[in-house]
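Heads up: the structure comes next, in structure tokens.
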Amino acid sequence: MVNSWRNLRCIRVGRARHLAHVDRAASVALVTWRMWIAPWRKLDEIVGQISRGEAPPTFLIDGAAEPRRAGLALENLFARQQELDQQIRQRESGTQTILGAMQDGLLVVDAHRRITLMNRTFEKLFDLQNETKGAPLLEAVRHATLDRLIAETLRSGQALQSELSLTDSQTRVERHLAISAVPMKDRGDLTTGAVVLFHDITQLRQLDQIRSDFVANVSHELRTPLSILRGYIETLLDNPKTSREELSRILEIMERHSKRLGLLVNDLLSLAQIESSNTNLQIGAVRVPELFNNVIRDWKEKLAKKNLKVIVNLPPDTPAIRADEARLQEVLYNLLENAVKYSRESGEIRLQAAPHGREIVLSVSDNGIGIGKDDLPRIFERFYRADKARSSELGGTGLGLSIVKHIAQLHGGRVEAKSEVGRGTTIRVLLPMNEPGHNVGTHSVLPTEIVETEVLPPVSH
């Protein structure tokens, strides 16, 4: 019995010791889990969230000091990364804003001539999409001149310039571009790509053409009368005994061409003054009936030579115009000159003024030979003549309607033209009314033998 109790007691003590050992092992395992294993697993989860671009809900980690310090370090790194990402986004936004605001086209290619960057202007010039980035330049643009320029820039490492022409696929309008290609280099002076700028010089080319045409036209207009004058002067010098009748005929021709030269010089000076940046208008209240009356009185003899009838249409509420009266007289002189020149004998010329919205419309119409529809859009260009042979026969400088257009624009207005071959032409000058409600009467004293006056309602377009 005694041995049995002793054995049982030993068993109980052994079991107690085993249980105590198990408890101690479990406690150690639990502490190890809480202090080391769980915190590192949490850190691994946080690192995974950061790598996926997600923001961890917390960086607080329970456990030993090392995992907690690692969590705090990750929090600082994540905050720094967010700050850097924000700075990058701001810089990218600023870069895109700058690129989008650029009126010049911008293209950046790498050393293999693949597109790495382009702005909206470049995309519009070559009708491209954003998907083009990364594509070979020649496949995307298909312009051999551009590809050769960039290839030479990359090869030589030198900045190069050139020009190319493009035709708009929709409007079919040709555009001229100046290209500047500049190589990009790394610290080892190795060329890594190129930056290319595209500047639209279409308007400059058009201005150059206008200037060239102007010089050519002026030279032609001056050369003709000067050649005639020089020829007759040489004739008189070679034949001092020229008969009185022949001498009279020669002098009449010389006088006619000298007047033509004088008109050309005066019109050139007038046009130059109007187009200059320091043109000053003497603005005042201009009464339209008096303006028409004075102009037609000055043209009485020329109108009578072709037996032309003038009809003046003025509605009863014709307003006064705030304008430079001398310039408006010049407008009407030029319009009347064309109307008289291209009217048939015993024809009719109509002067009209009427308010139209916030504008007043001054118009001069004739029932003469008219202008073809192909020539009509260009009649306000300097030296342009619809019928060059007839214009040369009738005289004139070809600058009158250009002067009319510029004077209208100086007043903040514009010009319009309607014409039909064989039925006549109407030129309208539309000027803003700065003082609405300031009206004048329609009383007008005009030469009765060539003028009929009517009071009509305002014109409509």
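How far apart, in nm, are the 7 Å Cα→Cβ label points at Lys309 and Ile233?
About 4.8 nm separates the two model spin labels.
If you take the square roots of the eigenvalues of the alpha-carbon gyration tensor of region 125-181 and sort them as a ≥ b ≥ c, do you get rounded (a/c under 1.5), prolate (a/b over b/c) or oblate?
It comes out oblate by the Cα gyration axes.
Could you state how much accessible area Asp298 has, in square angstrom rounded to the nearest 10, with a 1.4 Å probe and all protein chains kept in place?
Solvent-accessible area, nearest 10 Å²: 100 Å².
What whole-number value in Å² describes the accessible area per residue of region 121-204 for a 1.4 Å probe? Mind showing how you got there, number by number?
Details: 5140 Å² over 84 residues.
Result: 61 Å² of accessible area for each residue.
Residues with amide H under 5 Å of Met184's amide H, sequence separation 5 or more or different chain, H placed in the peptide plane at 1.01 Å from N; which?
Under 5 Å from the amide H of Met184: Thr192, Gly193, Ala194, Val195.
What percent does the relative contact order of region 260-362 come to when contacts are Cα pairs within less than 8 Å and at least six residues apart?
In percent, rounded to a whole number, it is 33.
Step through the residues of region 363-379 one at a time and calculate ³J(HN,Hα) from phi using the Karplus curve (6.51 cos²θ - 1.76 cosθ + 1.60, θ = phi - 60°), rounding each to whole Hz and writing x for Gly and Pro.
For region 363-379, the Karplus-derived couplings read 9, 10, 10, 9, 10, x, 6, x, 10, x, 5, 6, 8, 4, x, 10, 5 Hz, x marking Gly and Pro.
Read phi for every residue in region 309-323 and hand back ³J(HN,Hα) as whole Hz from Karplus 6.51 cos²θ - 1.76 cosθ + 1.60, θ = phi - 60°, with x for Gly and Pro.
Per residue, the Karplus-derived 3J(HN,Hα) values read 9, 10, 10, 10, 10, 9, x, x, 9, 4, x, 6, 10, 8, 7 Hz.
In square angstrom, rounded to the nearest 10, how much accessible surface does Val421 have for a 1.4 Å probe?
Looks like 100 Å² after rounding.
Accessible area of region 196-266 with a 1.4 Å probe: how many percent of it is carbon plus sulfur? Walk me through the intermediate numbers first.
Details: 2930 of 5090 Å².
It is 58 percent, rounded to a whole number.
How much length, in nm to one decimal, is gained on full extension between Ile253 and Ser219, taken as 0.36 nm per residue of separation minus their Cα-Cα distance? Working shown, then result.
Numbers: separation 34, 0.36 × 34 = 12.24 nm, distance 2.04 nm.
Between Ile253 and Ser219, full extension yields an extra 10.2 nm.
Assuming a ≥ b ≥ c are the square roots of the Cα gyration tensor eigenvalues, decide whether region 235-363 counts as rounded (a/c under 1.5), prolate (otherwise, with a/b larger than b/c) or oblate.
Details: a/c = 3.77, a/b = 1.79, b/c = 2.11.
Verdict is oblate for region 235-363.
Given H placed on each backbone N at 1.01 Å, which residues far from Val421 in sequence or on other chains put an amide H within less than 5 Å of it?
The answer is Ile371.
Per residue of region 187-192, in order, report the coupling 6.51 cos²θ - 1.76 cosθ + 1.60 (Karplus, θ = phi - 60°) as ³J(HN,Hα) in whole Hz, putting x for Gly and Pro.
Each residue's phi maps through the Karplus curve to give 5, x, 6, 8, 6, 10 Hz.
Express in nm, to one decimal, how much length is gained between Asp189 and Arg114 on full extension, taking 0.36 nm for each residue of separation and deducting their alpha carbon distance.
25.0 nm
Using a Förster radius of 51 Å, what is the FRET efficiency between Arg244 and Thr279 based on their Cβ-Cβ separation? Nearest 0.05, please.
On the way: r = 49 Å, r/R0 = 0.95.
Plugging the Cβ-Cβ distance into 1/(1 + (r/R0)^6) gives 0.55.
Quick check: from the Cα gyration tensor, does region 194-287 come out rounded (a/c under 1.5), prolate or oblate? Could the numbers behind the result be given before it?
Numbers: a/c = 5.79, a/b = 1.81, b/c = 3.20.
Oblate shape, in that a/c is at least 1.5 and b/c is the bigger or equal ratio.
I need the calculated FRET efficiency for the pair Glu152 and Gln203, taking r as the beta carbon distance and R₀ as 35 Å, to the nearest 0.05.
Details: r = 28 Å, r/R0 = 0.80.
Taking R0 as 35 Å, the efficiency between Glu152 and Gln203 is 0.80.
The values are calculated or read from the model by the stated rules, or taken from the named source; none is laboratory data. Given the structure is predicted, the values throughout are model-derived calculations rather than measurements. Note: ideal-geometry Cβ built from the backbone for every residue, glycine included; neighbour counts use all protein chains shown. For the accessible areas, the whole protein counts, side chains as well, though only heavy atoms, and no ligand, DNA or RNA atoms are used. Shrake-Rupley method; radii C 1.70, N 1.55, O 1.52, S 1.80 Å.
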